[in-house]
1. Taking only pairs six or more apart or across chains, which ones have beta-carbon atoms under 7 Å, a first residue in the range 82-103 that is basic (Lys, Arg), and a second residue that is part of a strand (DSSP E or B) and open to solvent by less than 60 Å² (accessible area, probe 1.4 Å)?
2. Only one of these conditions is not met by GLN111: (1) loosely packed, with under 14 Cβ neighbours inside 10 Å; (2) outside any strand (DSSP E or B). Which number is it?
3. For the range 18-37, which positions are within 14 Å of the chain's Cα centre (by Cα) and not basic (Lys, Arg)?
4. Can you tell me which residue within the range 1-38, out of those that are of a type in the set (S, T, N, Q) and assigned to a strand (DSSP E or B), is least open to solvent (accessible area, probe 1.4 Å)?
5. Failed condition for SER70, given (1) surrounded by fewer than 17 Cβ atoms within 10 Å (Cβ to Cβ); (2) over 11 Å from the mean Cα position of the chain (by Cα); (3) of a type outside the set (Phe, Trp, Tyr), with all others met?
6. Residue under question is ALA60, and the condition is that it be touching an Asp or Glu at 6+ places or on another chain (Cβ under 9 Å), open to solvent by 70 Å² or more (accessible area, probe 1.4 Å) and not charged (D, E, K, R); does it hold?
7. Which of the residues spanning the range 73-95 are open to solvent by less than 30 Å² (accessible area, probe 1.4 Å), part of a strand (DSSP E or B) and not aliphatic (A, V, I, L, M)?
8. Can you find a residue that is in contact with a helix residue (DSSP H, G or I) (Cβ under 7 Å, 6 or more places away or on another chain) and closer than 20 Å to GLN3 by Cα anywhere in the range 83-94?
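The values are calculated or read from the model by the stated rules, or taken from the named source; none is laboratory data. Model, not experiment: these values are computed from the prediction. No Cβ is skipped: glycine too gets one built from the backbone with ideal geometry, and neighbour counts run over all protein chains shown. Ligands, DNA and RNA are stripped out before the accessible areas are found, and what is left, the full protein with its side chains, is counted by its heavy atoms. Shrake-Rupley method; radii C 1.70, N 1.55, O 1.52, S 1.80 Å.
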Amino acid sequence: QVQLVESGGGLVQSGGSLRLSCVGSGITFDAYTMGWYRQAPGKRREMVATISSGGSPSYAESVKGRFTISRDNAKNTVYLQMNSLNPDDTAVYYCDLRIRPNFGYWGQGTQVTVSS
């Protein structure tokens with residue numbers, strides 16, 4: 001059974017930083033694209049950042065230059081370093097393991113709240 005568990009969310013002031021982690025079990029990460037998505041209240045879930053099996057990152061325009069995605073395949077873990085946070089970054093952040101374009105696994109989410 002595949003499980004993804006996110007951690008590292010919390011309450012932070014505008015301009016602050018957080019580091020999210022997502023640890024997986026039941027599957028080996030290294031062959032798959034991993035990603036971070038977020039969903040704010042009343043909004044659709046959106047892609048924040050993805051990282052390919054080869055380590056190539058991709059970012060939403062809104063987080064470029066502020067967020068960094070990385071992975072440690074030996075630990076079956078993907079990270080999201082978030083700097084210069086602002087209230088628009090407030091959302092539940094989800095880890096995604098993409099098996100195929102139309103199939104993957106999601107974590108349960110971790111809340112990030114940025115106060116102004």
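1. ARG98/THR33; ARG98/GLY35; ARG98/GLY104
2. (2)
3. Within the range 18-37, LEU18, LEU20, SER21, CYS22, VAL23, GLY24, THR33, MET34, GLY35, TRP36, TYR37 qualify.
4. SER21
5. Condition (2) is where SER70 drops out.
6. On the way: touching an Asp or Glu at 6+ places or on another chain (Cβ under 9 Å): yes; open to solvent by 70 Å² or more (accessible area, probe 1.4 Å): no; not charged (D, E, K, R): yes.
So ALA60 does not fit the description; no.
7. THR77, TYR93, CYS95
8. Step one: of the range 83-94, the residues in contact with a helix residue (DSSP H, G or I) (Cβ under 7 Å, 6 or more places away or on another chain) are none.
The answer is no; no qualifying residue exists.
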